[in-house]
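Novice: Sending over a structure as structure tokens; questions will come in a sec.
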Amino acid sequence: MKKDIIAIADIKVLVDYFYEQAVKDPLIGYIFTDSIKINWKKHLPIMYSFWENTLFYTGGYAGNPMMIHERIHQLVQLTPEQFDRWVTLFSSSVDLLFEGEKAELAKQRAKSIATIMKIKILHTS
């Protein structure tokens, strides 16, 4: 039986695994590796903080993900399929590694975030 997401260490495992899958994905991988060339040493701690705040309400994240993804959209012209693929990869990463209330919340929040971004970014540009 898998355990639930209970601490920042679990979030790090999830986020690291998700991005390992995302960069290899034929639909979205190039965005991370070629288009925006992410600085992983900077990006991963931000994502750990984002997901820790999202799941545990720590108040440790103060970024603006919508603005960042709007900038990415200007460079890449994101598609609905790419948002959907992100959700699929994230959810399958959660399912592979964890189960429980916080794991379900992580998947729900990922879907909600992607849906809002998809609507705001793709229907206002």
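Novice: Please find, among Leu96, Leu75, the residue that is of a type in the set (A, V, I, L, M, F, W, C), loosely packed, with under 15 Cβ neighbours inside 10 Å and in contact with a Ser or Thr (Cβ under 8 Å, 6 or more places away or on another chain).
Specialist: Residue meeting the stated conditions: Leu75.
Novice: Further, regarding this structure: Go through segment 97-125 and give me each residue that's among the acidic types (Asp, Glu) and assigned to a helix (DSSP H, G or I).
Specialist: Listed by number, the residues that qualify are Glu101, Glu104.
Novice: Does segment 31-51 contain any residue that is in contact (Cβ under 8 Å) with a residue 40 or more places away in the chain, crowded, with 18+ Cβ neighbours inside 10 Å and hydroxyl-bearing (Ser, Thr, Tyr)?
Specialist: Yes, some residue in segment 31-51 is in contact (Cβ under 8 Å) with a residue 40 or more places away in the chain, crowded, with 18+ Cβ neighbours inside 10 Å and hydroxyl-bearing (Ser, Thr, Tyr).
Table: residues versus (1) among the basic types (Lys, Arg); (2) within 21 Å of Ile36 (Cα to Cα); (3) exposed (fewer than 15 other Cβ atoms within 10 Å of the Cβ).
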| site | (1), (2), (3) |
| --- | --- |
| Gly60 | no, no, yes |
| Met67 | no, yes, yes |
| Gln82 | no, yes, no |
| Trp86 | no, yes, no |
| Phe90 | no, yes, no |
| Ser112 | no, no, yes |
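Novice: With the requirement that a residue be part of a loop (DSSP other than H, G, I, E, B) and hydrophobic (A, V, I, L, M, F, W, C), what does segment 23-43 give you?
Specialist: Leu27, Ile28, Ile36, Ile38
Novice: Further question: Which pairs do you get when a residue that is over 13 Å from Lys111 (Cα atoms), found in segment 69-84, comes within reach of a residue that is at pLDDT below 95 and in a loop (DSSP other than H, G, I, E, B), reach meaning Cβ atoms under 7 angstrom, with the pair 6+ apart or on two chains?
Specialist: Note: pairs meeting the criteria are Ile72/Ile36; His73/Ser125; Leu75/Ile36.
Novice: If you don't mind, there's one more thing I want to ask. Taking Leu89 as meeting all but one of (1) at pLDDT below 95; (2) of a type outside the set (Lys, Arg); (3) under 11 Å from the mean Cα position of the chain (by Cα), write down the number of the exception.
Specialist: All conditions are met except number (1).
Novice: So in segment 1-27, with the set limited to residues that are among the basic types (Lys, Arg) and under 18 Å from Leu44 (Cα atoms), which one is surrounded by the most Cβ atoms within 10 Å (Cβ to Cβ)? First the steps, then the outcome.
Specialist: In the first step, residues of segment 1-27 are kept if they are among the basic types (Lys, Arg); the result is 2-3, 12, 24.
With the extra rule that they be under 18 Å from Leu44 (Cα atoms), the set shrinks to 12, 24.
Details: Lys12: 16, Lys24: 12.
Per the criteria, the residue is Lys12.
The values are calculated or read from the model by the stated rules, or taken from the named source; none is laboratory data. Please read these numbers as outputs of a predicted model, since none were measured by experiment. Note that we place each Cβ from the backbone using ideal geometry, even for glycine, and neighbour counts take in every protein chain shown.
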